[in-house]
1. Inspect all residues belonging to segment A:275-290 and state whether any of them is of a type in the set (A, V, I, L, M) and surrounded by fewer than 24 Cβ atoms within 10 Å (Cβ to Cβ).
2. Scanning segment B:372-423 for residues that are aliphatic (A, V, I, L, M) and farther than 21 Å from residue B:115 by Cα, which turns out farthest from the other protein chains (Cβ to nearest Cβ)?
3. Is it true that residue B:357 is over 20 Å from residue A:319 (Cβ atoms), touching a Pro at 6+ places or on another chain (Cβ under 6 Å) and either without any contact (Cβ under 8 Å) to a residue 24 or more places away in the chain or assigned by TED's automatic domain parsing to the domain that holds residue B:150 (or both)?
4. How about segment B:196-304: which strands (runs of 3 or more DSSP E) wholly inside it have at least 2 residues that are within 14 Å of chain A (Cβ to nearest Cβ) and closer than 21 Å to residue B:360 by Cβ?
5. Show the residue pairs that are 6+ apart or on different chains and have beta-carbon atoms under 9 Å apart, the first residue being within segment B:104-118 and assigned by TED's automatic domain parsing to the domain that holds residue B:139 and closer than 14 Å to residue A:390 by Cβ, the second being buried (at least 17 other Cβ atoms within 10 Å of the Cβ) and charged (D, E, K, R).
6. Check whether at least one residue in segment B:383-395 is crowded, with 23+ Cβ neighbours inside 10 Å and either out of contact with any Ser or Thr (no Cβ under 9 Å at 6 or more places or on another chain) or farther than 18 Å from residue B:412 by Cα (or both), and report yes or no.
7. Read through the list (1) touching a Pro at 6+ places or on another chain (Cβ under 7 Å); (2) part of a loop (DSSP other than H, G, I, E, B), then give the number of the only condition that residue B:79 fails.
8. Exactly one condition in (1) surrounded by fewer than 17 Cβ atoms within 10 Å (Cβ to Cβ); (2) on the phi < 0 side of the Ramachandran plot is not met by residue B:373; state its number.
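The values are calculated or read from the model by the stated rules, or taken from the named source; none is laboratory data. Keep in mind that this is a model prediction, so the values were computed, not measured. A quick note on method: Cβ atoms are made from the backbone with ideal geometry, for glycine too, and the neighbour counts reach across all protein chains shown.
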2 protein chains.
Amino acid sequence: MSKTVLKGNIVYAKDKDKLEIHEDSYVVVEDGKVKDISRELDKSYKDYNLVDHSGKLIIPGFVDLHLHAPQYPNRGLGLDKELIPWLDTYTFPEESKYGDMEYSKKVFTRLINELWQNGTTRAVVFASVQKNSAKLLMDMFMESGLGAYVGKVNMDRNTAPSLTEDTQVSIDDTEEIIKEYENKSDMVRFIITPRFAPTCTEKLMGSLGDLAIKYNTPVQSHLSENQAEVLWVKELFPDSKDYASVYDEFNLLGQTRTIMAHCIYATDDEIELMAKNGVYAAHCPYSNYNLSSGIMPVRKFMDKGVPIGLASDISGGDSLSMMSIIAGTIQASKMKWLETDKELKPLTFSEAFYLATKGGGSFFGKVGSFEEGYEFDALVIDDKELADIKDLTIEERIQKVVYIGDDRNIVERYVRGKLIEKPF
Amino acid sequence: MSKTVLKGNIVYAKDKDKLEIHEDSYVVVEDGKVKDISRELDKSYKDYNLVDHSGKLIIPGFVDLHLHAPQYPNRGLGLDKELIPWLDTYTFPEESKYGDMEYSKKVFTRLINELWQNGTTRAVVFASVQKNSAKLLMDMFMESGLGAYVGKVNMDRNTAPSLTEDTQVSIDDTEEIIKEYENKSDMVRFIITPRFAPTCTEKLMGSLGDLAIKYNTPVQSHLSENQAEVLWVKELFPDSKDYASVYDEFNLLGQTRTIMAHCIYATDDEIELMAKNGVYAAHCPYSNYNLSSGIMPVRKFMDKGVPIGLASDISGGDSLSMMSIIAGTIQASKMKWLETDKELKPLTFSEAFYLATKGGGSFFGKVGSFEEGYEFDALVIDDKELADIKDLTIEERIQKVVYIGDDRNIVERYVRGKLIEKPF
């Protein structure tokens, strides 16, 4: 059983409303889990392996709750369109390439390295429709030491011909991966991934809901990202009460653990349904800017008790940096505050930090915090070049790193107590 | 006379609507100015010093049209407040420190190095009220080789006691610097800098307007950043038609070349007055997010013919990266498009790139473009790690660098044809 102690300035968010700060303290890690945090090291831990990061910051690893691996090569490109034309013009042609395993490997190598570099220790990921590429991505995440949920995308209509699956093949491929990867790893797991309602027939969604329940497999999809998309879903599913209900009717909305990305235009009824079913919302501020989608009313979801995490959503989003996404989340919430006549209060720093760590981390279990029993996913941050002009509190130092630091400030990454080196 | 030729992929924006792209070409620089761009090097240039950057991108240096040097230590801090309480709580206490020349030097060293690092080759800068600190900043910019306008701030009311100037001393100090620096450098020049109408008495603003005209000195200030500020100005100047007219009445709105930062809540009349007087608007998207100010309707200003540049506005803004600010400008314009019921069209990539180069650069003269006769301020960009997955056009490569690159991609900086090394 591994026994490690790290020394430094330890910061995490147990609750949304404030950061827990243990200045110049020790965090004791046993068997990958946090055992204790204290100012003085108890002598029972004296023979543990001590890693001294005095002066540095130690924070939970970041959790990216929604991103598209095969869109990695498109980051920063084609951001002059809204969702539907963007999918048709840029995204679907790129995703058509992933029958090629060599190309898949080249892209996934870069993606996983870059997640690691930016301190993202857990991610929830869309692959593309091609099953072998999705398997390769799972294998590569396992090799990397980072934690992930990976989904093979399902689409059997309204997409590029090269990506349109035969419905039964789509279902069978999905079940094949579920069974093949069921017991391979508890760090990298499969997640059922209907792209979104417009690209899936009722038969496909129904069968995916059945698989979710049969294998107790989690689910991810998109919800109410764009106004035109919402209208389209209304046309395609005229008998459903609303967009969220479409998923709900097919057991794809919280019947097993579920993440819905975006949720910008969700109605009060839909938000309440998500809260009731415990469905996670993945907030992707930069993607929502880039595709002119709008700003999710995060405060409203929070108030109604919907679990929330933050996400890059590359390549709708351009940045993989969760630090930048925390800042973007706060900034977007300030514009939402103005937009709602100052009704929905801006997010505080600790709230956004919580969402990027424990908020999304809770989808993985006891992840994203340093409370006792939590898996020790952590980043060691060296901020001396940012913080050497005047005296700053630990909380001010964290804010400064998040707003103006970058991957260069991250000097070590741990997942489940294990130091993770650059994967590839 | 220096004679240099650079080879590479040359990109600039002569007009807003498209990028000029010269793939694998030569730019000939004589005496600091662009002489010619061509695909084949004319033999009359064969004896010029050739710098071969084949494969790399060569773009104009960035222009930051509005930032506060003494707020540098506060970047990323205290962004939980709106403008007026933020000034009182964070900014004024920090600006009070600049009677200390050692502290000034420490901060300005870091600031100028970081401007250089981020490829900002020209900047328009607020110092603080302390005249010696402003002079030091001018001296340090001269030493750096970067171009700048620097202003000693004027404030004789409604600020911290430690920053409140005697009106006559404020005027005299300003005139002293104008005279002392009049002929010192044409790269680093003084700019008259009433902080904003609420912190300046009528007497002070009147005298500053007189100095502007007497010495033909440019002017910078703030305009309509925040709704509470606009109301405050209305109370303080009940006889003026609007906020812009306050400055106009004191010859501080385009009687000499003028920059007004923010302009979020400017009325149509004010925008027309700015256009008529040729007053620049400095758009600071991240600052406007951070201080919950709002989003400037850049498209409307553009349509009405107001000259516009982009700006970091540290430390209301957190980032000094003009690449990031270009992306932020496009993103903000997309939210403005939604906010105005799709009336004000989002900015295109080339429009935002133009604003960050030639748009702001025109305040300095023939700066920010590679047209013949323009001063050769340039960045050499190595983007091979960003662009090696699939074939990209030069325009796509530039977009990628701006969205997901950073200072690490900038390998050389030129100002007026001269290679600039890290200043300090």
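1. Within segment A:275-290 (the criterion being of a type in the set (A, V, I, L, M) and surrounded by fewer than 24 Cβ atoms within 10 Å (Cβ to Cβ)), the answer is yes, since at least one residue qualifies.
2. Checked segment B:372-423; the qualifying residue farthest from the other protein chains (Cβ to nearest Cβ) is B:394.
3. When the stated conditions are applied, residue B:357 passes them.
4. Once the strands (runs of 3 or more DSSP E) in segment B:196-304 are filtered for at least 2 residues that are within 14 Å of chain A (Cβ to nearest Cβ) and closer than 21 Å to residue B:360 by Cβ, nothing remains.
5. Within 9 Å, the pairs are B:104/B:97; B:107/B:97.
6. No, the conditions are met nowhere in segment B:383-395.
7. Residue B:79 satisfies every listed condition except (1).
8. Unmet condition: (2).
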